[in-house]
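All of the numbers you see were taken from the coordinates with simple rules; none came from a lab. The model shown is predicted, which means the values in this text are computed figures rather than measured ones. Reconstructed Cβ throughout: ideal geometry from the backbone, glycine too, with neighbour counts over all protein chains shown.
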Amino acid sequence: MGRVMQLCTMPADVAEAVAEWMAGLTRAHDELGRKGPVCPFVRPADEAGAIRTECLRAESGDGIEELVAALRRQVHRFGEFPASGGREPLDSLVTVMDGLPRHRWRLLDAAQRRIRREVVAAGLMVGQFHPECPEPGYWNPSFMVSRSPVPLIVLRRMAFHDILFLHSDPALFAEYDRRFGRWYQEGKVPAEFRALYDNAPRLPAATGRPYLDYQSIPLLHALHQPRTEHQPESSFYLAGQSMELLFSLVLGEVRAAQEGMVVDDLGRCGWHLRRATAGMRLLCGFWDLLSTLSPAEFNSFRDALGEASGLGSYKYRTLEFALGAKSPAMAARHDGVPAVAAEVYRALHDASAYDDALGVLVRRGLLADDDAGHDRDPVAVRSAWARIYREETVSGDLVRWAEALMDLAETVGRWRRLHLLTVERIIGYKPGTGGTAGVEWLRDVATHHVFPELWEARLQLSGGPA
Ligand code: HEM
């Protein structure tokens, strides 16, 4: 259980910056992607006197547990405020986190994710804002709509338009549907909202059998839908779906490892890297199943794939971005698909695991801040990694952590190479269903490493302690 942050008086310069930022939200913005103010809610709420502002004093050692505890307490406080005379839908609570060190601002994103479900279940919405917040705008995912001058969270009541933020998660959507579903059944709703509502994934109906319900087993089997009667397609289909789930698992572990790095807890980071790597090894194992497909067997169902290709895997792309292999062009492939674009762009704009690893090197005095940022200096980064290997023994925490990062990087490389090999034996040099040159394209992709300077540092190493 974390320390509970105390309410404090907001410093005057912070109050001024927050007021200016909120005034900006009442205006239009060229990059917003639609007409009207950035936030249509702020002006009427302000005029109704429905916005409360509070400040919490964070301490430099505060981590995710303290932030989650603080958010929970603010949710509780919000519930106890007297309603603002008939204008309840406008009620909101802005809480500034004063004193949170810069490299920990991002923990607010993780804290928001952690409490989101319970907040939404209470009919509320929680949004986090800070100078590096990766949340993309709904109408233009390149517009960084949640960047504020200081870290803060906003609580407010769920509103009809919140379908924009709740449509892609079935549990969150169920809460929305419970409150606003009637509007869609009865009235006229904007076409954009109607499309989100109709396409939102629904939780399956309960069967009353604990085993079947816990993991939605009937739905799971119903989702196994090979398109032909050829048995080999089942292996391909199952491998694809299982790999998707495993991408998601590895991504979750990578994000958890990042939380460890942000608070300089390398033990915790290593714990999650270990499981991320185990997930990648499982992913590699699926190529053993797929390499049993003969060219003729694959061709028996290839036409049924149409243009379906792993290039459309937004989970894989999100995972690549989380590992630091980012590409705006690859993100743009998912534009116009509301259910997935937000996740891909969030990862594109968010710090990667490698950014966080370099942050650790900076705070350990091994790398200058300027050499770790956007224009990172590969020579300096390489030397920092090499120094760890030269100076530490195998029991040193930094060496063990660096090798845990390497374990993950290597299994990512293995997955890519096994994909290449398997594709080469099944389709040879035919083009891919996604329209690339196939094997040649995959060969090029497979030459790239995640955490590149960690690999390159090997060049600078000879004998030595580790
Ligand atoms: C065994 C049959 C498979 C073949 C012949 C195959 C072939 C290919 C080819 C040729 C590409 C290049 C893009 C294109 O033109 O389509 C590709 C990309 C990709 N495939 Fe596969 N694939 C297979 C199975 C899978 C499976 C089961 C997955 C798991 C989800 C997968 C995930 C991916 C991903 C994520 C990419 C994009 C790679 C990147 O951007 O670096 N593939 N695949």
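A few remarks follow.
- When the trypsin sites (Lys or Arg not before Pro) in the stretch 150-197 are filtered for DSSP coil states and for at most 15 other beta-carbon atoms within 10 Å of their beta-carbon, the remaining sites are K188.
- Net length gained if the chain between F160 and C8 were fully extended (0.36 nm per residue, minus Cα distance): 51.4 nm
- Each 5 Å bin, from zero up to the one with the longest distance, holds this percent of the alpha carbon pairs of the stretch 6-157: 2, 9, 18, 22, 23, 16, 8, 2, 0.
- Sites S142 and R52 - FRET efficiency at Förster radius 35 Å, r taken between beta-carbons, to 0.05: 0.65
- Distance-filtered residues of the stretch 254-280 - backbone nitrogen under 17 Å, label point 7 angstrom along E59 Cα→Cβ: 263-264
- Aspartates and glutamates whose Cα lies under 13 Å from that of K326, excluding same-chain neighbours fewer than 8 positions away: D350, D355
- Rel. contact order, % - alpha carbon contacts under 8 angstrom, at least six apart, the stretch 257-370: 28
- In terms of overall dimensions, the C-alpha atoms belonging to the chain reach 70, 61, 47 Å along their principal axes, ordered largest to smallest.
- Each of R268 and A296 was given a label point 7 Å from its Cα along the Cα-to-Cβ line. The distance between the two points is 5.7 nm.
- When both bridge partners sit in the chain, DSSP labels roughly 65% of those beta bridges antiparallel.
- The chain: calculated mean residue ellipticity at 222 nm from DSSP helix runs of at least 4, using -39500 (n - 2.57): -17500 deg cm²/dmol
- Cα pair count fraction exceeding 15 Å, expressed as % - the stretch 25-69: 63
- GluC sites (Glu not before Pro) within the stretch 227-282, DSSP loop, no more than 15 other Cβ atoms inside 10 Å: E229
- Sorted by Cβ neighbour density within 10 Å, fewest at the top, the residues T228, T393: T393, T228
- Low-density loop positions, chymotrypsin sites (Phe, Trp or Tyr not before Pro), the stretch 364-447 - DSSP coil, at most 14 other Cβ in 10 Å: Y429
- Of M5, M144, the sequence from fewest to most neighbouring Cβ atoms within 10 angstrom is M144, M5.
- A straight chain from S242 to R227 at 0.36 nm per residue would run longer than the Cα-Cα distance by 3.7 nm.
- Summary of the geometry: the stretch 116-132 and the stretch 348-378, compared by the centres of their Cα atoms, lie 29 Å apart.
- Per-residue Cβ neighbour counts within 10 Å put C55, C39 in the sequence C39, C55, beginning with the fewest.
- Estimated translational D of the stretch 232-460 in µm²/s (Stokes, Kirkwood radius over Cα pairs; 20 °C; 1.002 mPa s): 114
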